[in-house]
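Inspection log for the structure reproduced underneath, given as structure tokens.
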Amino acid sequence: MSRDDVFPNPTVKTVIFQIRYPSLFFIEKLIGEYQVNVMEQFPQSKLVVQRQFLFAQVQDDADQPEPPEEERAFPIRKVWQFIAPQGVTLSVHDQALSLVSEKHKTYRSPAAECRFRDLIEFSVDTFLQLTKLPVLSRIGLRYVDECPVPGTDSATFREYYETTLPLDRFPLSDATQMEFRTRIKRGQYSLLFKEEYKTDDDGPKLTLDFDGYAHDVKASGYLAVSDALHDLVSAEFFGLIKEPVIEYMRDRKE
């Protein structure tokens, strides 16, 4: 089985790609041109205004009057969003560019027409051509999977997953919520992983959350880093699931 297989019923529910960079004071002047350049792939657009908590503020001019208290506590950030027909949202603000998808079934499989990697390349290449950024402070690729749970029997659960949860001490039949979380290094890259099991009125649920990232990356090499992060996440995911989960993803749900 290839890590680039396209499953009809994948467990992944949300994929997030993000680049971060030092605050770009000129971003608002460029956003109109960026909008035109990505409009073919992202025809819908909107402006979102967010209020951010301000931890510290430095006044360059001692004679400059301070802003009102509410503005100092909650400064405004403009976020420009562009939406693709495939259900992908591209968001840009002065410190980050993000792509969020809840539709994609593959990152780069040559067998698929709609690949997440293609939209990453299109969006970021267009952005770098305008901004001329030499270095990115962070690149991240995150996958959130909602996985099948075969009831609350620990032995059956282990037939589905190479779980990190301490089931010998805390069996699923007794648990209402259980979580394992770790941050690890894999060579030059990092991974934040969380496995969470919980029950509610709809029954038991399992969420696997993989957040791969790298710091201080040359902008010209961003796509190779994204590919490496995808491979890292893919290896960890397929190291956790077993054949019943693979069969679940192969089910076409007719």
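Averaging the Cα positions of each part gives two centres, and for region 223-243 and region 106-178 these lie 8 Å apart. The F238 and L30 beta-carbon pair, evaluated with R₀ = 45 Å, returns a calculated FRET efficiency of approximately 0.65.
Applying 1/(1 + (r/R0)^6) with R0 = 35 Å to the Cβ-Cβ distance of V49 and A111, what FRET efficiency is obtained, to the nearest 0.05?
0.30
Not counting the cut sites, what is the longest span of the chain without trypsin sites (Lys or Arg not before Pro) that DSSP labels loop and that have at most 11 other Cβ atoms within 10 Å? It works out to 1-131. The radius of gyration of the Cα set in region 126-254, together with its Dmax, comes out at 18.0, 56 angstrom. Quotient of the Cα radius of gyration of the chain and 2.2 N^0.38 Å, N being its number of residues: 1.17. Seen from E195, the other residues with C-beta closer than 9 Å to its C-beta sum to a net charge of -1, counting Lys and Arg as +1 and Asp and Glu as -1.
If you take all other residues with their beta carbon under 13 Å from the beta carbon of V79, and give Lys and Arg +1 and Asp and Glu -1, the sum is +2. In the chain, the longest principal axis of the Cα atoms and the axis of helix 116-131 are about 20 degrees apart. Nearest 10 degrees, 0 to 90: what angle lies between the long axis of helix 222-240 and the longest principal axis of the chain (Cα atoms)? Compared with the principal axis, the helix lies near 20 degrees. Report, to the nearest 10°, how far helix 27-38 tilts away from the longest principal axis of the Cα atoms in the chain, using its own Cα long axis and a range of 0 to 90°. Between helix and principal axis, roughly 60 degrees. Between R138 and T14, the modelled label-to-label distance comes to 1.6 nm, taking each label 7 Å out from Cα in the direction of the beta carbon. Here the sum of -39500 (n - 2.57) over DSSP H runs of 4 or more residues, divided by the residues of the chain, equals -8000 deg cm²/dmol at 222 nm, to the nearest 500. Restriction of the GluC sites (Glu not before Pro) in region 135-222 to DSSP coil positions whose beta-carbon has at most 10 other beta-carbons within 10 angstrom yields E162.
Can you give me the Kirkwood hydrodynamic radius for region 127-200, using every pair of distinct Cα atoms, in Å to one decimal? With all distinct Cα pairs of region 127-200 included, I get 15.4 Å.
At an R0 of 30 angstrom, the distance between the Cβ atoms of V79 and D216 translates into a FRET efficiency of 0.80.
No lab work stands behind these numbers, since they all come straight from the coordinates. On a predicted model such as this, the values are computed, not experimentally measured, just so you know. Methodologically, a virtual Cβ is constructed for each residue, glycine included, from the backbone with ideal geometry; neighbour enumeration extends over all protein chains shown.
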